[in-house]
Structures are given as C-alpha cells and as structure tokens.
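I have a structure here, written as structure tokens, and I will follow up with some questions on it.
The values are calculated or read from the model by the stated rules, or taken from the named source; none is laboratory data. As the structure is a prediction and not an experimental result, all values here were calculated from the model. Ideal geometry is used to build each Cβ from the backbone, glycine not excepted, and the neighbour counts take in all protein chains shown. These area figures cover heavy atoms from the full protein model, side chains too; ligands, DNA and RNA do not enter into them. Shrake-Rupley method; radii C 1.70, N 1.55, O 1.52, S 1.80 Å.
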Amino acid sequence: AAPGSDTYKGWLFKWTNYLKGYQRRWFVLSNGLLSYYRTQAEMAHTCRGTINLSTAHIDTEDSCNIVLSNGGRTYHLKANSEVERQRWVTALELAKAKAIRMRNNQSDDSGDEEPASQSDKGELHGALKTLSSKLEDLSTCNELIAKHGAALQRSLSELENLKLPAESGEKLKAVNERATLFRITSNAMINACRDFLDLAETHSRKWQRALQYEREQRIRLEETIEQLAKQHNSLERACRGAPGLSSGGAGIANTAKGDVQSAKGEASDEDEETEYFDAMEDAPAFITVTADPKHHRRSGSNLSGASEGHPEDWNLEDSVFDSSNQTSYNESTCKDLLPKKRRRTRIPDKPNYSLNLWSIMKNCIGKELSKIPMPVNFNEPLSMLQRLTEDLEYHELLDKAVKCESSTEQMCFVAAFSVSSYSTTVHRTAKPFNPLLGETYELDRLDEFGFRSLCEQVSHHPPAAAHHVYSKRGWTLWQEITIASKFRGKYLSIMPLGAIHLEFHSSGNHYVWRKVTSTVHNIIVGKLWIDQSGEIEIVNHKSKDKCQLKFTPYSYFSRDVPRKVTGVVTDADGKAHYVMSGTWDEKMECSKIVQSSHGSTSSEGKQKTVYQTLSPKVLWKKYPLPENAENMYFFSDLALTLNEPEERVAPTDSRLRPDQRLMESGRWDEANVEKQRLEEKQRAVRRRREAEAVEALEEGEDYEGYIPLWFERKVDPMTGELICVYKGGYWEAKDKQDWSICPDIF
C-alpha cells in the first residue's frame, strides 16, 4: 500500500535486547495504530505489540533508523535502506496527523465531559459567573441608555416642531441623528458581549480538556524520566557486578559496552527459537587474518595484487617491537625506583558537592564553551596547559621509536603515541581551567626521563596554547592547539584545531598529525561519558610514509569492541606494511603484513583488502590508575604530579594559580570567588589593550597586540599555517631566575 493510504504493511528490523539484537518483524499500520507480528501468519491470531501514534513521538537517528516513543514504551526500528525508511516515516507521520484529527473531532462532539478536578471546575464556573455578572451590568446600562436615549429623541422631536430659525432646526436634526447612532452603537456593544459569553461557554469544555491533556502528558513525561533513571542505575550496578559474557553464538552481540549502556525498548517477548537477522552495520575497510610464521608463504598466482613480506623481518629477539612488549608496562612500575625527586602520589579527595547543571547550561546552548562563566564545580584542578602536557605520559614510545632503523617501524610507535594521549580521558569528564593569557606551564623531567616541556597560552579568544618539548634522547615535539567547543544540549563537542609536529634528531624524520574530536555525552540527564571519533592521518614528510588511524564512534547497535582504533601503515608507494589495532583507552597492537589481497566486494560496491599478518605485538598498554583514583578526579600517576608545587618556576606558571590551588584543596567556594576575580582582571587588561589599539589606529600607528613571551609566530613550512614556535630563553631565564618580562596575571 502507498504511504498515504489507510493501511501500510512491511518488514522492519526491531531491537529486542542486547543478546538477540535486531529481529525481523512484520509491521502493520492501520487506524493510527502500529502493530507488529513475528510472521505474516500471526496476523490472524497473535499481535506482539501495538503503539498509538496519536500521542507518539517519531524520531530518526540515522539513515535507516526510526525511533517511536509513547510514554514508557519505545520501539527502535531499522529499515533495509534509506528510501524504505523514508516511506515508513511518511506513512507514520500521515497516520499520526489523521489520528490527532480524529481524536480532536471526537472531543468536540462529546460536550458532556466534566472537568477532571473540583478545583478546575470551580475555577471555570467562577470565570463564567464573573462574565455573566458583567453581562448583566452591561444589559442594565443598555436599558438605561435606551430609556434616556428615547427621552432625548422625544425632546429633540418636540423642539423640531417648534418654530425656530432654519439654522437652529438643522442643528437639532444633527443632534438627533447622533443620538440615534449612539443608541445603535450601544446595542451593538451589548450584543457583541453576549456573543462573546456564548462563545466562551461553548468552548470552555474544549479548553479544559486540552489543559488536562497537557497535564497528563507532563505527568507521564516525569514518570518516564524517573523510570529511565532507575533503569540506568540498575544497568550500572549490573554492569559493575556481572562477569564478562562470552560471545559463543553468532547471534549474540558483544555486551561489554562499558558504563554507558542504557535500556532500549522493552524486553523481548519472544521465545528462544526466533530466527535472528543481523543488523546492518558499516563494514570495515579491510580484513586481517593471522598467518602461521612457519607456513605463511603462498603462491602469488591465487592472490590478486598480492604483496609478500619476510618473516625474518619480524625478529622476536632483535626487534624494538619485542622490547616494547616487555618493558613499556614494566617501566610504569619502576618509575619510582631511585628517582631524582620523590613525587606526590595523591591529592585531597574531591568534595561531594551537588549542583544543578541544567540551571546553568540552559541559556548557554550554541555558545562557545570558553565564553560561558562556569563555577569550579565542573572543573578539575588542572589547567588546559597541564592537560596538554599529559600527552607525554607515554613518552617512552618515542624513546623506542628513536632506535628504529625502519621508517615504517618507527611510524608504528608514533601512531601508538598519538593514540595513547587519549587514554587519560576515558573517565575524565570534568573541564580543565581555561588558562589566562600569558599563563605558562613547565614540566622539567630532563634528569628523570630525558625531556623538558613548556606550554604558554598565546591567545585568549580564540583560546590557543603553544607547546614545545625537547628530549635529549633524540626527539623534539611542538604544537599549537586551539580548542573549539560547542554545547548542543545533549552533548558537548570538543574539536582541537592545529597540527602536532614530531622530529627525530638522528634520522630527520618529521611527522605531522592532528587530533580527533572528543564528545562528552549525557550533559543534562544520566552519567557523563566521553568518546573519541574521527580519523588521524600521520605523515612522515621525509619518507612520505603514512598511517591512517580510524577512531570508531561508540554505537549501541555495533558489536565491535568499544573505543576501537584501527589503521594501516603504508610507505611512499602505498604498499601496506603494518596493521594497527586496539582501543584508545587500553592498548595498541601492531601486526606485520606478510600478504595482502583484494577480497570480496561489499554491498556499497567497495572492494575490501585482506591482510595476512603475523601475530600482533603490543606496542602500548595503559598504566593502571592509582589507588583511590575515583576520588581524585581519576588522575593518573603523572596527572597527580602536574600541579605539585615546585620552586624556581615562572610567576606565570599554572601551579601558582590561586583558584586552581584552592579547588585542589577542597575549598570550592573560595575558589569560585578567586576565579571570578582573575577573570575580571583579565577582562580589564583586554579592555585596556583594545583601547590602546583604537588610540593607535586613530593616530595612524601600528598596534602589534599581545606578543607571546617565549614563543614567536612563524609560517609552518609543512602545513602553510601561521603557528607559534618556541624561540628560546625560558630555561636560561629559569637558571638566572630572571622573570622580569613576565606579566602579573595572578
């Protein structure tokens, strides 16, 4: 049947539960009701469920998904194609509009319904009584006007009969006409008031029913939200307490979704013998098959476009990969053995302060996050400069990359390093402090780990931070990151803009890549959780090697491992050498490709590549969080030391920021007051600088604006962008303790 007809039927996939996933069902749309059956034959005797469209909400999630919700019942449906989805949506919208019209017509016909509550009834009757009283007063006035008007007309008629001059007679006639018009107008006013009262009495019950319907909808919505909150808490407790489920059958999807799952629809009401149909998902661009190192050689005749590698290149005794597998994790446990300086291992526990986020954020939708005045309740006691420095937590990956002789092998370590910077964000949903203009942060670990790092806030609007790291073990890293963030009601998108540069001193290999988008979900309702999505392209500008990493966004309907990252390392000729796989919150592995071939063609017409690889090697594994981390903002071992007070740092260092220090100590009320003072001080400096710019413009002089302290703006020869690079002088100033050029920002 056409979508506009009274009845519409067809097959759709319906979500049942996390064990069975989507099930193929026969749906029938008729008389404003959507019903579904397991088979077409069941239409004669068994209906599996029905939803009333007159009060239902119709939503579309993506190109093939439809979500129907009516009170506490929700259907998650999926069509075979976008065209079929659109046909169903059209049919559902038309049926819903028709059902609403029928309901309104029935409501208009039934005029004997009483108001739902005595208070509403009394209020309505009081209003009608007042209107009737006013109408009686108007009627009395009308009678008086008519009586006195008639007497006035009689008097005027008598005057007309008298023998008066012609001029006086004309004036009396005009006065008589005006009196007649006044009487007609007053009668019309009374009639209009009477018609208004009749209309109010006619529609009063209809208004009352509409008001009652809105109240019922509000109560139903409140109950639904309460029910969802209870289900969310139950799922969290079950997820924390239940052991991992094995994926024994082909129809059982992976249920290890972390702490971010929520109930979708009602539980399945069908038996275990139901036939299962796989849901449509985005297929991967390539397939990896592990080969036996002893028997991996094949004839190239049966593989189209095959390329072979040699197992002796994957030497388990000499390769840097093997050493990374054994030492990267052990180094974390041996960090504190005979250190140059003992670092702190804990900070004061986070206070348990409650705050209504919606009361603050409801007027901020669509605004730039850096321009929203935020209390420290939503912050963590670190600045954005310190969070940027946290990218160096797994710096030993770059130390190992220095030892690699092959550029493609080195690329694997660089790729693992680029992914490792996200591992600290999985539980870190709090917002770091926005740095003040001119604020700096140093991390001097030259004696302990061989590197020293410097960050500076070089711009306030838009916020931009420049970062430079030098390692005496053979590498230098620099970047300028601008954070663009948008609050969209349900989620917060954080988009880092700017390129990251990494150069190895001995080989001259120069790598450039950019960060992916971070998204914080459940901003208003539910537990906050963060996800990373997008692609990273790492390019070696010397050898032209590339690594394309894909961060798969989390999906309720996907059976992939959550937070999955995959990629391929290719050389300048496009030949694939290694496959990267893992998750951005746990570990990254590297598999050497021994053969590659073109596999089957997907439904979208794209041909997949099949890579035959050797056993994977672990390049990076996340360090375990310290004890009691959940009460210390989920800080890692490195993050706990970032705000530790140190001597001889610059007066603009983030460690000296008073509001951040008060928050770390648990004195949040004082921190909020101090934060407002610092922000107002920064606004006053900006206003003064703007006034100086206007004055210089009026005098025809150039105004340079703010000049960074330790960085200078240059054109990046790799990207062609204008970036801030380290110009030197900071560490020399620290040795001399000469901070005369530092402004007073705190």
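With the structure loaded, tell me whether LEU642 is among the aliphatic types (A, V, I, L, M), closer than 30 Å to ARG342 by Cα and at pLDDT 90 or above or whether it fails that test. Talk me through it step by step, then tell me what you get.
Working: among the aliphatic types (A, V, I, L, M): yes; closer than 30 Å to ARG342 by Cα: yes; at pLDDT 90 or above: yes.
Taking the combined requirement at face value, the residue satisfies it.
Being among the charged types (D, E, K, R) and either under 22 Å from the mean Cα position of the chain (by Cα) or open to solvent by 30 Å² or more (accessible area, probe 1.4 Å) (or both) is the filter here, so list the residues in the stretch 64-80 that pass it. Break it down stepwise before answering.
Step one: of the stretch 64-80, the residues among the charged types (D, E, K, R) are 73, 78.
Scanning the stretch 64-80 gives a single hit, ARG73.
Do we find a residue being crowded, with 20+ Cβ neighbours inside 10 Å, assigned by the TED database to the domain that holds ARG713 and part of a loop (DSSP other than H, G, I, E, B) anywhere in the stretch 462-479? First the steps, then the outcome.
Start the filter on the stretch 462-479 by keeping residues that are crowded, with 20+ Cβ neighbours inside 10 Å, which leaves 463-469, 471, 475, 477-479.
Of the ones still in play, those that are also assigned by the TED database to the domain that holds ARG713 are 463-469, 471, 475, 477-479.
After this cut, where a residue has to be part of a loop (DSSP other than H, G, I, E, B) as well, the list is 463.
Yes - at least one qualifying residue is present in the stretch 462-479.
Just to be sure I understand, how many residues within the stretch 551-592 are part of a strand (DSSP E or B) and either in contact with an Asp or Glu (Cβ under 9 Å, 6 or more places away or on another chain) or within 30 Å of LYS78 (Cα to Cα) (or both)?
Taking the stretch 551-592 and keeping what is part of a strand (DSSP E or B), we get 551, 564-570, 576-583, 587-592.
With either in contact with an Asp or Glu (Cβ under 9 Å, 6 or more places away or on another chain) or within 30 Å of LYS78 (Cα to Cα) (or both) added as a condition, the list becomes 551, 564-567, 569-570, 577-583, 590, 592.
Within the stretch 551-592, residues that are part of a strand (DSSP E or B) and either in contact with an Asp or Glu (Cβ under 9 Å, 6 or more places away or on another chain) or within 30 Å of LYS78 (Cα to Cα) (or both) number 16.
If I filter the stretch 694-727 down to residues being at pLDDT below 85 and surrounded by fewer than 12 Cβ atoms within 10 Å (Cβ to Cβ), which single residue comes out as nearest to ASN434 (Cα to Cα)?
The extreme case among them is GLY705.
A follow-up question, please. Within the stretch 23-63, can you find the residues that are assigned to a loop (DSSP other than H, G, I, E, B), open to solvent by 20 Å² or more (accessible area, probe 1.4 Å) and farther than 16 Å from THR7 by Cβ?
Hits for the stretch 23-63 are ARG38, THR39, HIS45, THR46, ARG48, THR60, GLU61, ASP62, SER63.
Now for a different question. List, please: which pairs have Cβ atoms under 7 Å, are six or more places apart or on different chains, and start with a residue in the stretch 621-632 that is assigned by the TED database to the domain that holds ALA416 and among the aliphatic types (A, V, I, L, M) and end with one that is open to solvent by 60 Å² or more (accessible area, probe 1.4 Å) and assigned to a loop (DSSP other than H, G, I, E, B)?
LEU625/PHE634; MET632/ARG346; MET632/ASP349; MET632/LYS350
Take the stretch 458-471 and flag every residue that is modelled with pLDDT of 95 or more and either over 35 Å from the mean Cα position of the chain (by Cα) or among the polar types (S, T, N, Q) (or both).
SER471
Taking the stretch 440-449 on its own, how many of its residues are open to solvent by less than 20 Å² (accessible area, probe 1.4 Å) and at pLDDT below 95?
So the count comes out to 1.
If you go through the stretch 424-461 one residue at a time, how many are over 18 Å from ARG657 (Cβ atoms) and part of a loop (DSSP other than H, G, I, E, B)?
Qualifying residue count, the stretch 424-461: 10.
Quick one: count up the residues across the stretch 614-632 that are over 24 Å from ALA415 (Cα atoms) and either among the charged types (D, E, K, R) or not in a helix (DSSP H, G or I) (or both).
Here the count works out to 5.
Results for (1) open to solvent by 70 Å² or more (accessible area, probe 1.4 Å); (2) modelled with pLDDT under 95, shown as yes or no for each residue.
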| position | (1), (2) |
| --- | --- |
| ILE360 | no, yes |
| SER370 | no, yes |
| PRO373 | yes, yes |
| LEU398 | no, no |
| SER406 | no, yes |
| MET411 | no, no |
| ALA415 | no, no |
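Would you mind finding the one in LEU221, LEU152, LEU159 that is open to solvent by 50 Å² or more (accessible area, probe 1.4 Å), within 30 Å of ASN70 (Cβ to Cβ), part of a helix (DSSP H, G or I) and not small (Gly, Ala, Ser)?
LEU221
Enumerate the pairs (first residue in the stretch 70-89 and more than 28 Å from LEU221 (Cα to Cα); second residue anywhere and aromatic (Phe, Trp, Tyr) and at pLDDT below 85) with beta-carbon separation below 6 Å, excluding pairs fewer than 6 apart on the same chain, so at least 6 apart or on different chains.
none
Can I ask one more? Consider LEU392 carefully, then state whether it is within 31 Å of the chain's Cα centre (by Cα), more than 29 Å from GLU732 (Cβ to Cβ) and assigned to a helix (DSSP H, G or I). Please lay out each step first, then the result.
Values: within 31 Å of the chain's Cα centre (by Cα): yes; more than 29 Å from GLU732 (Cβ to Cβ): no; assigned to a helix (DSSP H, G or I): yes.
No, not satisfied.
Which residues, counting only those in the stretch 197-214, are at pLDDT 75 or above and either open to solvent by 80 Å² or more (accessible area, probe 1.4 Å) or in contact with a His (Cβ under 6 Å, 6 or more places away or on another chain) (or both)?
TRP207, GLU214, listed by residue number.
Considering only the stretch 418-432, state which residues are open to solvent by 10 Å² or more (accessible area, probe 1.4 Å) and among the basic types (Lys, Arg).
Of everything in the stretch 418-432, just one residue is open to solvent by 10 Å² or more (accessible area, probe 1.4 Å) and among the basic types (Lys, Arg), namely LYS431.
Determine which member of the set THR46, THR55, THR74, THR50 is within 30 Å of TYR213 (Cβ to Cβ), at pLDDT below 85 and among the polar types (S, T, N, Q).
Only one candidate qualifies: THR55.
Further question: Looking at LEU388, LEU454 in this structure, which one is within 22 Å of TYR706 (Cβ to Cβ) and open to solvent by 10 Å² or more (accessible area, probe 1.4 Å)?
LEU388
Next question. Quickly run through the stretch 34-62 and pick out the residues that are touching a Leu at 6+ places or on another chain (Cβ under 9 Å) and under 21 Å from GLU82 (Cα atoms).
Selection gives LEU34, TYR36, HIS57, ILE58, ASP59.
Go through the residues of the stretch 550-566 one by one and say whether even a single one is touching a Cys at 6+ places or on another chain (Cβ under 9 Å), within 24 Å of SER406 (Cβ to Cβ) and either open to solvent by less than 20 Å² (accessible area, probe 1.4 Å) or not assigned by the TED database to the domain that holds LEU388 (or both).
Looking for residues that are touching a Cys at 6+ places or on another chain (Cβ under 9 Å), within 24 Å of SER406 (Cβ to Cβ) and either open to solvent by less than 20 Å² (accessible area, probe 1.4 Å) or not assigned by the TED database to the domain that holds LEU388 (or both), one finds none in the stretch 550-566, hence no.
Assess whether SER406 counts as being among the small types (Gly, Ala, Ser) and in contact (Cβ under 8 Å) with a residue 40 or more places away in the chain.
No: the conditions fail for SER406.
Report whether or not VAL610 is modelled with pLDDT of 90 or more and open to solvent by less than 60 Å² (accessible area, probe 1.4 Å).
Answer is no for this residue.
Could you run through the stretch 490-518 and say how many residues are buried (at least 19 other Cβ atoms within 10 Å of the Cβ) and touching an Asp or Glu at 6+ places or on another chain (Cβ under 6 Å)?
Final tally of qualifying residues: 1.
Further question: Quick check, is ILE530 closer than 30 Å to ALA229 by Cβ and either in a strand (DSSP E or B) or among the aliphatic types (A, V, I, L, M) (or both)?
Here the answer is yes, as ILE530 does meet what is asked.
Out of ALA629, ALA684, which single residue is over 20 Å from HIS467 (Cβ atoms) and surrounded by 15 or more Cβ atoms within 10 Å (Cβ to Cβ)?
ALA629
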